[in-house]
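What follows is a short report on a single structure.
Taken together, the values in this text are just the output of simple stated rules run on the coordinates, not laboratory data. Note that this is a predicted model, so its numbers are computed, not measured. Backbone-built Cβ (ideal geometry, glycine too); neighbour counts: all protein chains shown.
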Amino acid sequence: MDASLPRLTAAQAAARLGVQQQTLYAYVSRGLLARERGAHGSTFDALEVERFASSRRRSGRGARDVQAAGAAGSPLMVLDTDIALIEDGELYLRGVPAAELALEYPYESVARWLWGAPLDASTASFAPDMDAVEAARGAVAALAPEATLLDRIQVAVPVLGSADPTRHDLDPDAVRATAVRLVAGVVEALAKQAGPPDGIAAQLWQGLAGRPGTVAEVRALNAALVLLVDHDLAVSTLAARAAASARATPYAVVSSGLGALDSALHGNASGAASELIRLVLDGADARTALAQTVARTARPAPGFGHSLYPGIDARAGILLPLVADLSGGSAVADAVDRLAGEVLSRTGRHPNVDLALAALTIAAGMPADAGVAIFAIGRMAGWIAHALDEYGQRPLRLRPRGRYVGPDAGTPASAASPEE
């Protein structure tokens, strides 16, 4: 045990494992975890706790809790989808390998293809409604200086919608045209001024990095956008589909997806992964960086592990080599490799797309929260594809029925109040 590494308090260790403190001490008594006692109570090795958390998931410990409440991320329903397929550790979109699409086609081509057009690498770039964009820029400019990039996107989308007189037209052709204006409008709204019509990836690079991107840089960002368009029924995609089931407009569908994406365990995970990489780039060794991060967040090491992949997240496997080839990518790639080796040896988890997004944004010199902005814009194409499918289904089919488990009907208000 390295005494120089940050240690977890009993409360932090219990929170990381998702158990009560008495359960934590039961693990200690059974020899499953070690603790050190000091003047301020017991402390635990952060990396040992992280390793133990992973072993519990693999061995199925806590099965009674899983049966009672459902494992984290386990589905409450199963819906048919013809967009993303994850099979044998690989990602496919409509049956085509994601690597082929990410490396050979612009984001606009993939988006239009998912919306029903033929797959054509020479498709025209997306064009926004510049009057709507100016209104969105004004709304974004009114936000507090502390507003995140995702905050700005979440404000821009409904403003763009309010300026679109066709937003309630749910005919498929109208939805496709709306989607083009929506995505292009969001990218333009993030920029301080209108950019050249070089494509979504090039415009977004300029907006996030503050400078034009090289061919290799734009290629890497375009690949990230394509890789993020869809990935099974993630929580944000389910939110978008539920809104479409109620016949929400495409703007409202995207706003619903953005609301679910703005979460620590989904879209914002790349920000935490960025902080982890930066610790290593600033001189911390991988063990110390991981221990500090686990101790601070009481969550799994960010950027590692995905329930749908037995090994590395296929998207990370495609994107990380592109990052390593960038002018600022070699040091970032080395930091990622050191972290990946440490996490794999202790937990068996591999890099996921959040780590790859964090690596891309650091190498590009983008803001720390740029990863979630890239995620949001990439995923908009998938949300619209799901909306187009859902608009063709029975309305409100995704409205679940609750099973009431509260006090009996007719219970007096005094008896129904929580006890002091």
- Task: Fewest Cβ neighbours within 10 Å first, please rank 299, 241, 401 accordingly.
- Result: 401, 299, 241
- In order over the stretch 90-96: 3J(HN,Hα) from phi, Karplus 6.51/-1.76/1.60, θ = phi - 60°, whole Hz, x for each Gly or Pro, gives 10, 9, 10, 10, 6, x, 8
- Query: How many angstrom lie between the C-alpha centres of the stretch 351-420 and the stretch 134-200?
  - Reply: 21 Å
- Task: Work out from phi, with θ = phi - 60° and the Karplus expression 6.51 cos²θ - 1.76 cosθ + 1.60, the ³J(HN,Hα) of each residue of the stretch 107-116, listed in order in whole Hz, and give x for Gly and Pro.
- Result: 3, 4, 5, 5, 4, 4, 5, 5, 8, x
- All other residues with a Cβ under 15 Å from the Cβ of residue 245 taken together, and with Lys, Arg as +1 and Asp, Glu as -1, what is their net charge? +3
- With -39,500 (n - 2.57) per DSSP H segment of 4 or more residues and division by the full residue count of the chain, the 222 nm estimate, nearest 500 deg cm²/dmol, is -17500 deg cm²/dmol
- When 265, 47, 388 are ordered from fewest to most other Cβ atoms inside 10 Å of their Cβ, what list results? 265, 388, 47
- Item | Simple Cβ-charge dipole of the chain, Lys/Arg +1 and Asp/Glu -1, about Cα centre, in debye nearest 20 | 1300 debye
- What residues have an amide H closer than 5 Å to that of residue 84, excluding those fewer than 5 places away on the same chain, when H is modeled at 1.01 Å from N in the peptide plane? 94, 232
- Selection from 179, 86, 116, by position along the positive dipole direction of the chain (Cβ): 86
